[in-house]
1. Note down all Cβ pairs under 8 Å where the first residue falls in region 59-75 and is over 15 Å from VAL6 (Cα atoms), the second is surrounded by fewer than 12 Cβ atoms within 10 Å (Cβ to Cβ) and of a type in the set (Lys, Arg), and they're at least six residues apart or on different chains.
2. Does GLY41 satisfy the condition of being surrounded by fewer than 11 Cβ atoms within 10 Å (Cβ to Cβ), small (Gly, Ala, Ser) and out of contact with any His (no Cβ under 6 Å at 6 or more places or on another chain)?
3. Listed residues GLY31, GLY54, GLY10, GLY41; which is on the phi > 0 side of the Ramachandran plot and touching a strand residue (DSSP E or B) at 6+ places or on another chain (Cβ under 9 Å)?
4. Restricting the search to region 39-54, which residues are touching a helix residue (DSSP H, G or I) at 6+ places or on another chain (Cβ under 7 Å) and of a type in the set (A, V, I, L, M, F, W, C)?
5. Criterion first (at pLDDT 90 or above and among the polar types (S, T, N, Q)) does GLN11 satisfy it?
6. Testing GLN72 on (1) exposed (fewer than 10 other Cβ atoms within 10 Å of the Cβ); (2) in a helix (DSSP H, G or I); (3) under 17 Å from the mean Cα position of the chain (by Cα), one condition comes back false. Which one is that?
7. Can you tell me which condition GLY31 does not meet? The list is (1) surrounded by 10 or more Cβ atoms within 10 Å (Cβ to Cβ); (2) of a type outside the set (A, V, I, L, M); (3) over 17 Å from the mean Cα position of the chain (by Cα), and all the others hold.
8. List pairs: first in region 26-52 and more than 17 Å from ILE63 (Cα to Cα) and free of Cβ contacts under 8 Å to residues at least 40 places away in the same chain, second among the acidic types (Asp, Glu) and surrounded by 11 or more Cβ atoms within 10 Å (Cβ to Cβ), Cβ under 8 Å, 6+ apart or cross-chain?
Amino acid sequence: MAEVGVDITGQTLKMLTPQDSEASSVVITMGCGDVCPYFPGQRHEDWKLDDPAGQGIDAVRPIRDEIRDRVQALVEDLLPNR
């Protein structure tokens, strides 16, 4: 992430709680499948991505870039006049 100017030192994985999900209008999970909390009326997407854990940098870069591209597309979809 430092390669693209994002400092994630000190960041840790946060599990999605039912309270977090319920308070959101859009929920994006990565590999959660049917086990994530779902509340009617919200948009829920589970992005299928390769797990970067234990992989070398050459395998992680495409995963990172795919997440970036998906986030950019999501922002454009949610805020089309941005």
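1. Close Cβ pairs (under 8 Å, with a partner that is surrounded by fewer than 12 Cβ atoms within 10 Å (Cβ to Cβ) and of a type in the set (Lys, Arg)) amount to VAL75/ARG82.
2. On the way: surrounded by fewer than 11 Cβ atoms within 10 Å (Cβ to Cβ): yes; small (Gly, Ala, Ser): yes; out of contact with any His (no Cβ under 6 Å at 6 or more places or on another chain): yes.
Yes.
3. GLY31
4. Step one: of region 39-54, the residues touching a helix residue (DSSP H, G or I) at 6+ places or on another chain (Cβ under 7 Å) are 39, 46-47, 49-50, 52.
Once the filter is applied, which keeps residues that are touching a helix residue (DSSP H, G or I) at 6+ places or on another chain (Cβ under 7 Å) and of a type in the set (A, V, I, L, M, F, W, C), region 39-54 yields PHE39, TRP47, LEU49.
5. Values: at pLDDT 90 or above: yes; among the polar types (S, T, N, Q): yes.
Yes: the conditions hold for GLN11.
6. (1)
7. All conditions pass for GLY31, except number (3).
8. Hits for this filter: VAL27/GLU45; GLY33/ASP46; CYS36/ASP46; PRO37/GLU22; PHE39/GLU22.
The values are calculated or read from the model by the stated rules, or taken from the named source; none is laboratory data. Predicted model, so just to flag it, every value in this text is computed and none were measured. Every residue, glycine among them, receives a Cβ derived from its backbone with ideal geometry; neighbour counts consider all protein chains shown.
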